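First the structure, in the form of structure tokens, and then the observations on it.
The values are calculated or read from the model by the stated rules, or taken from the named source; none is laboratory data. Source: prediction; values computed, not measured. For neighbour counting, all protein chains shown are included, and Cβ atoms are generated from backbone atoms with ideal geometry for every residue, glycine included. Protein only, heavy atoms only, side chains kept; ligands, DNA and RNA dropped before computing areas. Shrake-Rupley method; radii C 1.70, N 1.55, O 1.52, S 1.80 Å.
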Amino acid sequence: MTEPEICEKLQTVLKPGRYRHTLGVADTAQKLAQRYGADPGKARLAGLLHDCGKEASDALGHAEAGARLAQEIYGVSDPEILSAIRFHTTGKPGMSLLEKILFVADYIEPGRSQAPRLPFLRQLAFQDLDQAVLEISEDTLAYLKEKRVFIDPRTQETRDYYRENRGSGQSKA
Ligand SMILES: [Fe+2]
Ligand SMILES: [Fe+2]
């Protein structure tokens, strides 16, 4: 599918607010890819499709559902893109550059306003991507704990991994 075809389809399955969020994530992912030397087209596509499973499943399963739908409905076969979609909510230890970009873009896109520390995180994302992943997983865990809802163990594993591997400088350009 071309981007206009994907957008047309997304507008029929996503609520308007979710569609706007999707465009914000696509733009942000593209910019982060340009900043860190990832493929901007792949990052944009991952951003466009990252929540395509949102209305099709419960919140916990939407990333997994999204990866499946991206493949089956939107014709994406690139394993890097599908994996970025699959892990966009929880992250995972040792993420690829594209996975980190989508994880961060989802949190900081311009339409977001609820999360604390957004101005700081938006700046940090373009300075040190690994540190941004760490800070975002810390904030996500704190939020989920406060809400007393189920925490996917992978969210904790992501935080632990990026805490242990901080300052390795891998993603600083
Ligand atoms: Fe999502
Ligand atoms: Fe999202």
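When segment 44-66 is filtered for residues that are within 11 Å of ligand 1 (Cβ to nearest atom) and aliphatic (A, V, I, L, M), the ones remaining, listed by number, are LEU49, ALA59, LEU60, ALA63, ALA65. Scanning segment 41-83 for residues that are among the basic types (Lys, Arg) and under 19 Å from THR28 (Cβ atoms), we see that the one that is nearest to ligand 2 (Cβ to nearest atom) is LYS54.
Test GLY94 against the criterion of being under 20 Å from ILE136 (Cβ atoms) and within 14 Å of ligand 1 (Cβ to nearest atom), and give yes or no. When the stated conditions are applied, GLY94 does not pass them. Just one of the listed residues (ALA33, ALA38, ALA29) is aliphatic (A, V, I, L, M) and within 15 Å of ligand 2 (Cβ to nearest atom), and it is ALA29. Of everything in segment 28-43, what is within 16 Å of ligand 1 (Cβ to nearest atom) and not small (Gly, Ala, Ser)? Give them in sequence order. The one that is within 16 Å of ligand 1 (Cβ to nearest atom) and not small (Gly, Ala, Ser): THR28.
Of the residues that make up segment 118-130, is at least one at pLDDT below 95 and under 17 Å from HIS21 (Cα atoms)? Within segment 118-130, none of the residues are at pLDDT below 95 and under 17 Å from HIS21 (Cα atoms). Within segment 1-17, being more than 19 Å from ASP78 (Cβ to Cβ) and surrounded by 15 or more Cβ atoms within 10 Å (Cβ to Cβ) holds for VAL13, LEU14. SER137 meets the conditions (1) under 30 Å from THR12 (Cα atoms); (2) surrounded by 20 or more Cβ atoms within 10 Å (Cβ to Cβ); (3) in contact (Cβ under 8 Å) with a residue 40 or more places away in the chain in every case but one. The failed one is (1). Residues that are open to solvent by 80 Å² or more (accessible area, probe 1.4 Å) and farther than 12 Å from GLU138 by Cβ within segment 107-119 comprise PRO110, ARG112, SER113, GLN114, PRO119, listed in sequence order.
Scanning segment 25-61 for residues that are open to solvent by 10 Å² or more (accessible area, probe 1.4 Å), in contact with an Asp or Glu (Cβ under 9 Å, 6 or more places away or on another chain) and either free of Cβ contacts under 8 Å to residues at least 24 places away in the same chain or assigned to a helix (DSSP H, G or I) (or both) yields a total of 7. Pairs are defined by a Cβ separation below 8 Å, a sequence spacing of at least 6 or placement on different chains, a first member in segment 113-129 that is at positive phi, and a second member that is open to solvent by less than 90 Å² (accessible area, probe 1.4 Å); the pairs so defined are ARG117/GLU135; ARG117/ASP139. When you scan segment 1-41, how many residues do you find that are aromatic (Phe, Trp, Tyr) and closer than 21 Å to GLN123 by Cα? Going through segment 1-41 one residue at a time, the tally reaches 1.
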